[in-house]
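S.K.: Dropping the structure in here first, questions after.
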Amino acid sequence: MHPRNRFRTGYDVPALVASSPALEPFVRTSPRGEDTIDFADPGAVMALNQALLKDAYGLQWSIPRGALCPPVPSRCDYIHYLADLLSGGGAAAIPCGRAVRVLDIGTGANCIYPLIGASEYGWKFVGTDTDKAAVHWARQIVRVNRSVASLIECRLQPDSSKYFAGVVKPGEAFDASMCNPPFHASAEEAAEGSRKKRRNLGLGKSAPALNFGGRPGELWCPGGEVGFIQRLIAESAARPRLCRWFTTLVSKSEHLPRLRQSLKAARVTEIKTIEMAQGQKKSRILAWTFSG
């Protein structure tokens, strides 16, 4: 976990319950006698996220039924590693304030990256999504959080096959783009991934299918993760000056060789892979630039 991540030392569950009483019904005692929650319970995950965001940032947050419920600590990691990338590696040089502009592709109803990035660093965000209901909900979240409302704009992408065209305004430019692409290539593949997760957690068939929720555009797309990112690379090559750094999460390390080949074919000037880890879960950020 990133050293600046506010959640790197874990959760003080009693303190969270004291500030967010709605979490209390979901608290359980672990085999080691510690307070915890059932991470297979969507209601528990939602309540924990609400408590964490309120405690760390003073944010009010919720999502509609069925929407993707993201793990807050890992989302914070992406923001902090992006800050390192923009600084060139020096903590003292991390750019803060509304002059820093970030484009969040597929912000979803949860709007989690803009909320954290605006709260942590004061960055200005444009969050886009192809789901009209998700954009409406994200705008509502932004509206009620006045401390960051002036820093976040949510836009509807009318063409699900595009990332920038039709949603980026003429003359706009960003310091970075970020994205958490769909992992799977089909609904069937996503369902199998959920079954595997339940088996790994030792859960029975009666457990919720997806403890973090998620809708089709959030969980799967044509070509899965590789197809999504390859299309993103191609569109970035057509607009090389749109972002100083284009970035995306990559869930599977075995996808990196194919993606690096696509980046080289796109004639990028620099590629970076930033490894991240949350407990036993590992992922990475793939970043590229066309700047000299």
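S.K.: What FRET efficiency would be calculated for the residue pair Asp84, Ala238, taking the C-beta separation as r and a Förster radius of 25 Å, to the nearest 0.05?
M.R.: 0.35
S.K.: For a quick protection proxy, order the peptides 70-81, 264-275 by their average other-Cβ count within 10 Å, most packed first.
M.R.: Sorting 70-81, 264-275 by mean packing, highest first, produces 70-81, 264-275.
S.K.: Suppose the Debye formula is applied to equal point scatterers at every Cα of the chain; what is log10 I(q)/I(0) at q = 0.08, 0.09, 0.11, 0.17 Å⁻¹?
M.R.: For the chain, the Cα-only Debye profile gives -0.33, -0.43, -0.65, -1.64.
S.K.: Mind checking the angle between helix 42-57 and the chain's longest principal axis? C-alpha axes, 0 to 90 degrees, to the nearest 10.
M.R.: Orientation of helix 42-57: about 70 degrees from the principal axis.
S.K.: Under a GNM of the chain (C-alpha, springs under 10 Å), which listed residue has the highest mean-square fluctuation: Ser253, Ser262, Ser119?
M.R.: Ser253
S.K.: Toward the positive end of the charge dipole of the chain, about the Cα centre and with charges on Cβ (Lys, Arg +1; Asp, Glu -1), which of Ala234, Tyr11, Leu286 goes farthest?
M.R.: Ala234
S.K.: Turning to a different aspect of this structure: Ranked highest first by average number of other Cβ atoms within 10 Å, how do 228-239, 161-172 line up?
M.R.: 228-239, 161-172
S.K.: Pull out a ≥ b ≥ c, the square roots of the eigenvalues of the alpha-carbon gyration tensor of segment 226-285, then state rounded if a/c is under 1.5, prolate if not and a/b is larger than b/c, and oblate in the remaining case.
M.R.: Taking the square roots of the gyration eigenvalues as a ≥ b ≥ c, segment 226-285 is prolate.
S.K.: Restricting attention to segment 4-53, which trypsin sites (Lys or Arg not before Pro) occupy a DSSP loop and are surrounded by at most 10 other Cβ atoms within 10 Å?
M.R.: Those satisfying the criteria are Arg32.
S.K.: Same structure again: With labels modelled as points extended 7 Å from the Cα through the Cβ direction, what inter-label distance (nm, one decimal) is found for Lys272 paired with Thr29?
M.R.: The modelled label-to-label distance comes out at 4.7 nm.
S.K.: What's the angle, to the nearest 10 degrees (0 to 90), between helix 112-121's Cα axis and the longest principal axis of the chain?
M.R.: 80
S.K.: Going through the cross-link list Lys252/Lys281; Lys54/Lys252; Lys252/Lys272; Lys124/Lys272; Lys124/Lys282, which pairs have a Cα-Cα distance over 20 Å in this structure?
M.R.: Checking Cα-Cα distances, Lys54/Lys252; Lys124/Lys272; Lys124/Lys282 exceed 20 Å.
S.K.: Sticking with this one: In whole Hz, what ³J(HN,Hα) sequence does segment 263-274 give by Karplus (6.51, -1.76, 1.60; θ = phi - 60°), x for Gly and Pro?
M.R.: Karplus values, whole Hz, x for Gly and Pro: 5, 5, 5, 7, 6, 5, 8, 7, 10, 10, 10, 10.
Taken together, the values in this text are just the output of simple stated rules run on the coordinates, not laboratory data. Values in this document were obtained by computation on a predicted structure and should not be read as measured data. Every residue, glycine as well, gets a Cβ built from its backbone with ideal geometry; the counts of neighbours run over all protein chains shown.
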